[in-house]
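Worksheet: the structure to be examined is printed underneath.
FYI, it's all coordinate maths here, none of it is from the lab. None of the values given here were measured: they were computed from a predicted structure. Here the Cβ positions follow ideal geometry from the backbone for every residue, glycine too, while neighbour counts run over all protein chains shown.
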Amino acid sequence: MKATQFFRLASLLATIPSTIAQNCDEGTKLVCYGKPGGTAQNISLDDLEYVVAGFRGETENGPKFYTMPANPSLKGCDEWMMGDPVGSVLVLAKHTSNRSNSSVSLDEIANTIDGGINATPEQIAKSIMGCGTNGGQLIVQVNASSPVYQTEEYKALGAKPGNIVIKVVHAPPPAAAERSI
């Protein structure tokens, strides 16, 4: 093999892992754990409702956003805890595109989890809350034309709405030091 052919092949092979690493898509459909797609989480729906209430609403400065910055150097996909566990519930956010800044309103995260304020049974069934105590995951249901994404605060983030999957799982047990207190 000639040196130029080797370097072209090496160059091509070097791009493959980064291409694979950037494919963080988990789909757009609701996945309920305990069915094909994961282990049942045995969460408390009361704990989940409490968490969702904390996400919903505005601050004195306007809407609240959850932002995951671009990080194209990652070999995998960012998955972050959204606050501390509450009782049996831990909420995770997974960035599905490390190449872009992604930011969504916390209200839309809440709606993705519970179907929205005064949700109908059909809306609840299409949300993570529809998975019941099993927990589950769903990409944040974004209304890109919402006025919250037209604010100066949002524009200053330099982000796009979307590319975030929310996962509701069972919180890990407290560390031994925490249990002994």
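Amide H contacts for M82 (H built 1.01 Å from N in the peptide plane; partners 5 or more residues away or on another chain; cut-off under 5 Å): V91, L92, A93.
Could you give the dipole magnitude of region 24-174 about its Cα centre, charging the beta-carbon of Lys and Arg +1 and that of Asp and Glu -1, in debye to the nearest 20? Intermediate values should be presented prior to the final figure.
Values: 11 positive and 16 negative charges, 115 e Å.
Computed charge dipole of region 24-174: roughly 560 debye.
Taking only the C-alpha atoms of region 24-174, the Rg (one decimal) and the largest Cα-Cα distance, Dmax (whole number), read 14.9, 43 Å. A simple count of charges around E79, restricted to other residues whose Cβ falls under 12 Å of its Cβ and scoring Lys, Arg +1 and Asp, Glu -1, yields 0. Taking the fewest neighbouring Cβ atoms within 10 Å as the starting point, the ordered list for R56, R99 is R99, R56. Each of E153, E26 was scored by other Cβ atoms within 10 Å of its Cβ. Arranged with the fewest first, they read E153, E26. Ranked for footprinting exposure by Cβ neighbours inside 10 Å, fewest first, D84, D25, D114, D78 give D84, D25, D78, D114.
Less than 5 angstrom separates the built amide H of A70 from those of N101, S102, all sequence-distant by 5 or more or on a different chain.
Of the peptides 133-139, 158-164, 121-127, 38-44, the order by per-residue mean of other Cβ atoms within 10 Å, starting with the highest, comes out as 133-139, 158-164, 38-44, 121-127.
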